[in-house]
């Protein structure tokens, strides 16, 4: 099951390479990026763990109003937690440097190799380019994982990007997942 989800994420990003190369990103906001972070979730309550590990995510603009997105996260402490998702979203420009977006996703969750299940998600958010140096964003998501895990939750994310260069940014993020708070830091390469 894990291989299927990872293959779907890779295929979504790779098959869109030609489309994203031919699509001009919107002024001010860029939906063509790859990002790498370190994630830390202290005292993850449902597992009583202090999870830490890498997260990789990306996005590709297919047409001016639609983008594909994906993420892979591997967290570890006494046991491992692997999560991935892939989806598509519609973006709507509400101001020259402000977009709202929303769309569905396929979600994958694996606890220590013993339990792995697929579910669905719905997410929506707001991105705003404050100035030449900063972008901020927020997202709300509903994730439902069925099967052996039977877990659904609402999560919130707040993100800030500081641009070192138009194509390179530093990322800071706070993620609230089912009441557990996580902190993420890393870098984004904008294409």
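Assorted remarks:
- Filtered by the rule that a residue be surrounded by fewer than 16 Cβ atoms within 10 Å (Cβ to Cβ), at pLDDT below 95 and assigned to a strand (DSSP E or B), segment 46-62 gives a lone residue, 50.
- Lone qualifier among 191, 156 - being in contact with a helix residue (DSSP H, G or I) (Cβ under 8 Å, 6 or more places away or on another chain) and over 16 Å from residue 53 (Cα atoms): 191
- Take the conditions (1) surrounded by 14 or more Cβ atoms within 10 Å (Cβ to Cβ); (2) out of contact with any helix residue (DSSP H, G or I) (no Cβ under 6 Å at 6 or more places or on another chain); residue 108 misses just one of them, which is (2).
- Flag for residue 121 being out of contact with any helix residue (DSSP H, G or I) (no Cβ under 6 Å at 6 or more places or on another chain) and under 19 Å from residue 56 (Cα atoms): yes
- Residue 91 meets each of the listed conditions (1) within 23 Å of residue 184 (Cα to Cα); (2) modelled with pLDDT of 95 or more apart from (1).
Residues are listed down the side, and each one gets a yes or a no for (1) modelled with pLDDT of 95 or more; (2) within 24 Å of residue 183 (Cβ to Cβ):
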position: 44; (1), (2): no, yes
position: 69; (1), (2): yes, yes
position: 80; (1), (2): no, yes
position: 100; (1), (2): yes, no
position: 103; (1), (2): yes, no
position: 126; (1), (2): yes, yes
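- Condition check for residue 158: free of Cβ contacts under 8 Å to residues at least 24 places away in the same chain, farther than 24 Å from residue 63 by Cβ and in contact with a strand residue (DSSP E or B) (Cβ under 9 Å, 6 or more places away or on another chain): yes
The values are calculated or read from the model by the stated rules, or taken from the named source; none is laboratory data. Just so it is clear, the model here is predicted, and its values are computed rather than measured. Ideal geometry is used to build each Cβ from the backbone, glycine not excepted, and the neighbour counts take in all protein chains shown.
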